[in-house]
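Below: the structure, in structure tokens.
The values are calculated or read from the model by the stated rules, or taken from the named source; none is laboratory data. It should be emphasised that the depicted structure is a prediction, and the values quoted were computed from it without experimental measurement. Every residue, glycine as well, gets a Cβ built from its backbone with ideal geometry; the counts of neighbours run over all protein chains shown. What goes into the accessible areas is simple: the full protein's heavy atoms, side chains included, and nothing from ligands, DNA or RNA. Shrake-Rupley method; radii C 1.70, N 1.55, O 1.52, S 1.80 Å.
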Amino acid sequence: MSAAPEYQLGEQKYRWPIPPEGGWTADDLDRIPGLPPHTELIDGSLVFMSPQTAFHGRAMRLFENALLDQAPDHLDVLREMAIKLDERNRPEPDVLVFSVDANTGHRQTWFKPEDIVLAVEVVSDDSVVRDREVKPRKYAAAGVPHFWRVEANGEGLPIVYVYELDPALMAYTPTGIHHNRLKLDVPFTIDVDLTAVNRRR
């Protein structure tokens, strides 16, 4: 691992890791000291998260709770857990649904793509291109069967763009754009009141 140079911002000193030749690998994320929480790896490069907005946090809460309530017993739900797509890509969906059998213990930091049923990305200002273009393409190529992209409308309510994998093309096909209510039969029966995003349980 390369030495990290120091730089100063105000009174605070920081160290940034210098990537090795060829870029970082997925396993490096568990070994690089001092990385900010929820750092992702995209094409061998580290991607840091910007400060979270209220919409982003509330949307993750809404979908995590709704999916946990409605998922069948053989599936589990977590937020902000990584998928190791390959050696150079380890993105972290905002919410994911996966097989219960994929749980390996309390120190687990990532899942295999074949264990994932659904990946959900809530779009932030700094993640528009990644969440609309880069990540869906990579999730599909890795065989993740369902993908939702969540964006805020002008009133701060979620719009959900739903995609399903075409296994012949290994690419996503859009199956619907949902306002106010998300009601689906796949990957399991789901009914979510999208207007409840700001509602406490």
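Can we say residue 35 is assigned to a strand (DSSP E or B), hydrophobic (A, V, I, L, M, F, W, C) and in contact (Cβ under 8 Å) with a residue 12 or more places away in the chain? Answer is no for this residue.
For region 119-127, the condition of being under 18 Å from residue 53 (Cβ atoms), open to solvent by 30 Å² or more (accessible area, probe 1.4 Å) and among the acidic types (Asp, Glu) holds for at least one residue. Cβ-Cβ distances below 9 Å connect no pair with a first residue in region 89-115 that is farther than 24 Å from residue 62 by Cβ and aliphatic (A, V, I, L, M), a second residue that is open to solvent by 30 Å² or more (accessible area, probe 1.4 Å) and not in a helix (DSSP H, G or I), and a separation of six or more residues or different chains.
Among the residues making up region 173-201, those that are in contact with a His (Cβ under 9 Å, 6 or more places away or on another chain) and open to solvent by less than 50 Å² (accessible area, probe 1.4 Å) are 184, 187, 192, 194.
Could you tell me whether region 149-170 includes any residue that is of a type in the set (Lys, Arg), outside any helix (DSSP H, G or I), farther than 26 Å from residue 133 by Cβ and without any contact (Cβ under 8 Å) to a residue 40 or more places away in the chain? Among the residues of region 149-170, not one is of a type in the set (Lys, Arg), outside any helix (DSSP H, G or I), farther than 26 Å from residue 133 by Cβ and without any contact (Cβ under 8 Å) to a residue 40 or more places away in the chain, which makes the answer no.
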